[in-house]
Amino acid sequence: MGRTSIPDIGEKYENEEPLTMLTAYDAPIARQVDSGGVDMILVGDSAGDNHLGYDDTLPVTLEESLSNTAAVDRAVEEAMVIGDMPFLSYGTSIEESVTNAGRFMKEAGADAVKLETAPYGETTIEIVSRLTELGMPVVGHIGLTPQRMNQIGGGYVQGRGDGSSATVDALVETAKQLEAAGAFAIILEAVTEETGKEVTDAVDVPTIGIGAGRYVDGQVLVITDVLGLSQKSYKLSRQYADLNSIVREAVESYVDDVRSGAFPASEEVFDVIDDEE
Ligand code: KIV
Ligand code: NA
């Protein structure tokens, strides 16, 4: 059995099966995310603050994203792997956008790419159209688009139309343009539940929400939030494990054992003749 394909996603959508997506940035976590049965793994530029130690997504480079995507690709057997194009790796020209999207697919093993679109963002709509024409499947991303954080000013919920956010109409219209340009799915980030529903009703491709409420076709979360490896918690997320504590306790136990002489023990050392290594 190969990886989840675009037709597989389409079939689940037609059958109204909720779609599942999580992020991953490295092989060991990607392996477990894949075994856990998600449909799609997004190698998000959320790697910026969740994997690479930056404050946000803006500094993430194309080379870093390609490296993360390749690591995930090597570990994943069943889920669709989606490479998230980082800030300014697309948009400067059609040519560079196509070349860079192509690197995700040809060099890093991605099955699809994702890029953010501002409300009515003509440039990215054109890029989505070009990429899909050339055979590169694209996931759109609207609502709160973190690469535009310097304009938006913070993590403001979109669709409230209150000055710091796009209107519902703008988001619906942009989603329709993305669908027409060939996007096979659209991520909706941090929008009111009503906006999530209106966009979902307006397009005939699956919507994948993160903080977009209940009336969308699927959900995506950031894996470090899910696993409790983050520094903060978010209203839109849900934490399913507390890996920060588990990792810290393991490290403390190791440090204690070395300092007390409890590690290594006799069964963990090599003799001249050893039957088990
Ligand atoms: O980078 C990311 O993790 C994302 C998701 C939040 C959709 O873009
Ligand atoms: Na992203």
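Read the figures in this text as sums done on the coordinates, not as results from a lab. All values derive from a computational prediction rather than experimental measurement. Because the Cβ atoms are built from the backbone with ideal geometry, glycine has one as well, and the counts that use them run over all protein chains shown.
Hand me the GluC sites (Glu not before Pro) from region 8-115 located in a DSSP loop with no more than 11 other Cβ atoms within 10 Å, in residue order please.
Details: sites: E11, E14, E16, E63, E64, E77, E78, E95, E96, E107; in loops: E16, E77, E78, E107.
Taking region 8-115 and a limit of 11 other Cβ atoms within 10 Å, the loop GluC sites (Glu not before Pro) found are E16, E77.
Seen against the Cα atoms of the chain and their longest principal axis, helix 62-75 is set at about 60 degrees. Take the Cβ atoms of V251 and E14, set R0 to 30 Å, and the FRET efficiency comes out at 0.05. With R₀ fixed at 22 Å, the C-beta to C-beta distance from A262 to D242 puts the FRET efficiency at about 0.30. Around the amide H of G228, modelled in the peptide plane, lie the amide H atoms of Y240, A241, L243, all under 5 Å away and 5 or more residues distant in sequence or on another chain.
Note on T61 and E194: their simple-model spin labels are 4.6 nm apart, each label 7 Å out from Cα toward Cβ.
In straight-distance terms, cross-link reach from K232 covers every one of the lysines whose alpha-carbon lies under 27 Å from its own, apart from those fewer than eight places away in the same chain; here that gives K114.
Computed from backbone phi, the HN-Hα couplings of region 149-166 come to 4, 5, 8, 6, x, x, x, 6, 5, 8, x, 8, x, 9, x, 8, 9, 6 Hz, rounded to whole numbers (Karplus: 6.51 cos²θ - 1.76 cosθ + 1.60, θ = phi - 60°; Gly and Pro given as x). In the chain, the longest principal axis of the Cα atoms and the axis of helix 168-181 are about 80 degrees apart. Shown in residue order for region 193-206 are the 3J(HN,Hα) couplings computed by the Karplus curve 6.51 cos²θ - 1.76 cosθ + 1.60 at θ = phi - 60°: 4, 4, 4, x, 5, 5, 5, 4, 5, 7, 10, 10, 10, x Hz (x for Gly and Pro). If Lys and Arg each add +1 and Asp and Glu each add -1, what is the summed charge of the other residues whose beta carbon sits under 15 Å from the beta carbon of V255? So the surrounding residues net to -2. Database remark: amide H of G44 closer than 5 angstrom to the amide H of A24 (H placed geometrically; neighbours at sequence offset of 5 or more, or on other chains; Pro and chain starts carry no H). Phi-derived couplings, Karplus 6.51 cos²θ - 1.76 cosθ + 1.60 at θ = phi - 60°, listed residue by residue for region 240-249: 9, 7, 10, 5, 3, 5, 4, 5, 4, 5 Hz, with x used for Gly and Pro. Among the chymotrypsin sites (Phe, Trp or Tyr not before Pro) within region 213-246, those in coil by DSSP and having at most 14 neighbouring Cβ atoms inside 10 Å are Y240.
In loop segments of region 201-277 as defined by DSSP, the trypsin sites (Lys or Arg not before Pro) with at most 12 further C-beta atoms inside 10 Å of their C-beta are R214, K232, K235, R238. Per residue, the convex hull spanned by the alpha carbons of region 6-265 comes to 133 Å³.
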